[in-house]
Each structure stands twice: as C-alpha cells, then as structure tokens.
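Undergrad: This structure is in structure tokens; I'll ask about it shortly.
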Ligand code: NAD
C-alpha cells in the first residue's frame, strides 16, 4: 500500500532500522537507507532490498552527528524521489557510565545522534511533505522515553527529548495530513544483544536462560525480547489510513516494562 511513496530511515544498516527499511520496501515504498558499517555488506543489503521487493533503494553515508550532511541527505533523496513521504528517525547509540564520570564527547554524541539528528532531518523534510499534504514521521524512542535506568543519563535525556519533540511537531503539522509519532521499544532482540549472551554466561557462570531472564530482561515482565519485526510492524501500521488520527504519541512496545 506504499507504492509510489518514499521512505528515509536513519541508522538502517542494522537492527531495528534495517527492519523498518525492509518492511517499508515490502509494502512497495522506495527506501533510502543510512548508517555505518562494512561497505560490501551495506551494498549487498541495498541491492537485496531492490531485488526482493522491486523498489528503488538508495544508500546515504551521512553522519547523523553532522547537520549539513543530514540536510544534504534529505536534499539528495528529494532530488531523486520528489519528496520524503515517510521519515523514520532511528539512528542511535548508547554509552553507560555514572553521570559524574560521563565522557563529555559521549554526551555530545548521544544528544547529537539520538536527539538532534531527528530535528535536523524533520526540519529538512517537512516543507516537501507539507506541500504534498501527506506524511508520516516516526521516531524511535525507547522505554527510556518514560523511565530511567542508572548510568544512562545521556540516552535517557535524549529519549525523553524525542518524546517532547514528537509532540511538538505533531501539533505544528496536525492540519497538514502529517502524523508524528514515536515508538518506544523495550529490550529488542538484535544480533548485538545475542552476541553478548555467551560472554555473560561465562563471566557470571549462568545458564543462557538465567542471563536472559535475570540480567537482560530484568525489567521486562514478559521475559521475552521484542523483535525487530514487531517494531517494524507498528511503524507500518502508523503509515496506514487507519492510523491517521494517531499523532503526537510515544507508543510503548516493551513487554510491560513501563507498566510496572
Ligand atoms: P544498532 O546498533 O543495531 O543500529 C544503530 C544504527 O544507527 C546502525 O545502522 C548504525 O550504523 C547507525 N548509526 C550509529 N551512529 C550513526 C551516525 N553517527 N550516523 C548515522 N548512522 C549511525 O541498534 P538498534 O538496536 O537497531 O537501535 C536503533 C534505535 O532503536 C536506536 O535509536 C536505539 O536507541 C533504539 N532502541 C533500541 C533498543 C534495543 O534494545 N536494541 C531498545 C529501545 C530503543
């Protein structure tokens, strides 16, 4: 149902972002993927999306820490496709340290990538979206948009900020056919998480089940990881006509984490 639409997903060379891009392409949207990683692996993914879903897929290497590169990425996508119809602000990093020892450059990086890049991309993409009178902006927040965990000051501040930014933009564009929402996943099963399990089993002398339930999923009542496909499916729903009255929200998908 997204044929002739164009989606740009920041931070989509792996994990949740890649799942968004593939799900949007599966619905017929042309996609612009973005992020870091091995050039051959990224090209394989890009070409694979084109071949599998019969859409156009482009790659932008823009660094989400750099406002000028973000603006150029949006301009380039608009030059080829006319407008970005669906903007997914998803790029994000994490750093864990006590606030009084938090490295200054990590604070600045996290605020730039996890929060400010959403502002820069939204600012750049909105004029063409408004001109078309249709748009979807979807931000990846986190359970940490609602609650905190110690030692994640920059991440929690950025994700709370994303929730506020989402509300503000939603109000500004409410009469333009554009909805603005955030998705707030709990712990998501990604290769990155999966790879940590054997080491944690060894380091703590625990079974795989103990690592998952007592270490990783301590905060998640279902004791199940959210999957990237589940997160992407919510984004797809937000693009439907049925979801056009949902705007300004941050929707939890966290196995009950923020209910507790
Ligand atoms: P990931 O590490 O698999 O993917 C992050 C993506 O962002 C990658 O494509 C990476 O190349 C890209 N990226 C990082 N820095 C960048 C930069 N400066 N410029 C451009 N791209 C950059 O992580 P993920 O788990 O898929 O995370 C995606 C989003 O989901 C993040 O915003 C994260 O905070 C959020 N999130 C993740 C979880 C989880 O448990 N995995 C939970 C809640 C929210």
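Undergrad: Using a Gaussian network model on the chain with a 10 Å cutoff between Cα atoms, which of 40, 214, 85 fluctuates the most?
TA: Looking only at 40, 214, 85, the largest GNM fluctuation is found for 40.
Undergrad: Then there is this: Could you tell me how many degrees, from 0 to 90 and to the nearest 10, lie between the Cα long axis of helix 15-26 and the main elongation axis, the longest principal axis, of the Cα atoms of the chain?
TA: Helix 15-26 sits at roughly 30 degrees to that axis.
Undergrad: Given the Cα-Cα distance of residue 95 and residue 61 and 0.36 nm per residue of separation, how much length would full extension add, in nm?
TA: Fully extending the segment from residue 95 to residue 61 adds 10.0 nm.
Undergrad: For n ≥ 4 DSSP H runs only, could you compute -39500 (n - 2.57) per run for the chain, divide by its residues and tell me the 222 nm figure to the nearest 500?
TA: -13500 deg cm²/dmol
Undergrad: I've got another one for you. Could you tell me whether segment 130-189 comes out rounded, prolate or oblate from its Cα gyration tensor? Rule is a ≥ b ≥ c as square roots of the eigenvalues, rounded for a/c under 1.5, then prolate if a/b exceeds b/c, otherwise oblate.
TA: Verdict is prolate for segment 130-189.
Undergrad: Can I ask one more? Counting other beta carbons within 10 Å of each residue's own, what order do 110, 93, 212 fall into, fewest first?
TA: Ranked by crowding around the Cβ, least crowded first: 93, 212, 110.
Undergrad: How high is the relative contact order of the chain, in percent, counting Cα pairs under 8 Å that sit 6 or more residues apart?
TA: 18
Undergrad: What's the exposure ranking of 16, 246, going from fewest to most Cβ atoms within 10 Å?
TA: 246, 16
Undergrad: Note the full-extension length gain between residue 147 and residue 36 as 0.36 nm times their separation in residues minus their Cα-Cα distance, in nm to one decimal.
TA: Here the segment from residue 147 to residue 36 would lengthen by 37.1 nm.
Undergrad: Rounded if a/c is under 1.5, else prolate if a/b beats b/c, else oblate: with a ≥ b ≥ c from the C-alpha gyration tensor eigenvalues square-rooted, which is segment 155-260?
TA: It comes out prolate by the Cα gyration axes.
Undergrad: What is the fewest-to-most order of 1, 225, 119 by other Cβ atoms lying within 10 Å of their Cβ?
TA: 1, 119, 225
Undergrad: Among 207, 166, 13, determine the one that fluctuates most according to a GNM of the chain built with springs between C-alpha atoms less than 10 Å apart.
TA: Result for the chain, Cα springs under 10 Å: 207 fluctuates most.
Undergrad: Right, next: Considering the chain as a Gaussian network with a 10 Å cut-off on Cα pairs, which listed residue, 87, 104, 217, attains the greatest mean-square fluctuation?
TA: Greatest mean-square fluctuation among the candidates belongs to 104.
Undergrad: Now for a separate question. Report, to one decimal in Å, the Kirkwood hydrodynamic radius for the chain based on all distinct Cα pairs.
TA: 18.7
Undergrad: Want the number for residue 105 to residue 79: 0.36 nm per residue separation, take away the alpha-carbon distance, what's left?
TA: My answer for the length gained is 6.0 nm.
Undergrad: Please find the FRET efficiency linking residue 131 to residue 227, where r is the Cβ-Cβ separation and R0 is fixed at 51 Å, and quote it to the nearest 0.05.
TA: 0.90
Undergrad: Report the Cα centroid-to-centroid distance between segment 226-260 and segment 38-103 in angstrom, as an integer.
TA: Going from one Cα centre to the other spans 21 Å.
Undergrad: I would also like to ask the following. Kindly express, to the nearest 10 degrees and within the range 0 to 90, the angle between helix 67-81's C-alpha long axis and the longest C-alpha principal axis of the chain.
TA: Once rounded, one gets 50 degrees.
Undergrad: In degrees between 0 and 90, to the nearest 10, how far off the longest principal axis of the chain does helix 191-204 point, with axes built from Cα atoms?
TA: 10
Undergrad: Can you classify segment 39-84 as rounded, prolate or oblate using the Cα gyration tensor, where a ≥ b ≥ c are the square roots of its eigenvalues, rounded means a/c under 1.5, and otherwise it's prolate if a/b beats b/c and oblate if not?
TA: The shape class here is oblate.
Undergrad: From Cα pairs below 8 angstrom and at least 6 apart in sequence, can you work out the relative contact order of segment 110-160, rounded to a whole percent?
TA: Taking the mean separation of contacting Cα pairs over the length of segment 110-160, I get 48 percent.
Undergrad: Give me the distance in nm between label points sitting 7 Å out from Cα along the Cα-to-Cβ direction at residue 47 and residue 72, one decimal.
TA: Here the answer is 2.5 nm between the modelled labels.
FYI, it's all coordinate maths here, none of it is from the lab. All values reported here derive from a predicted model rather than from experimental measurement. With ideal geometry, Cβ positions are generated from the backbone for all residues, glycine too; neighbour counts draw on all protein chains shown.
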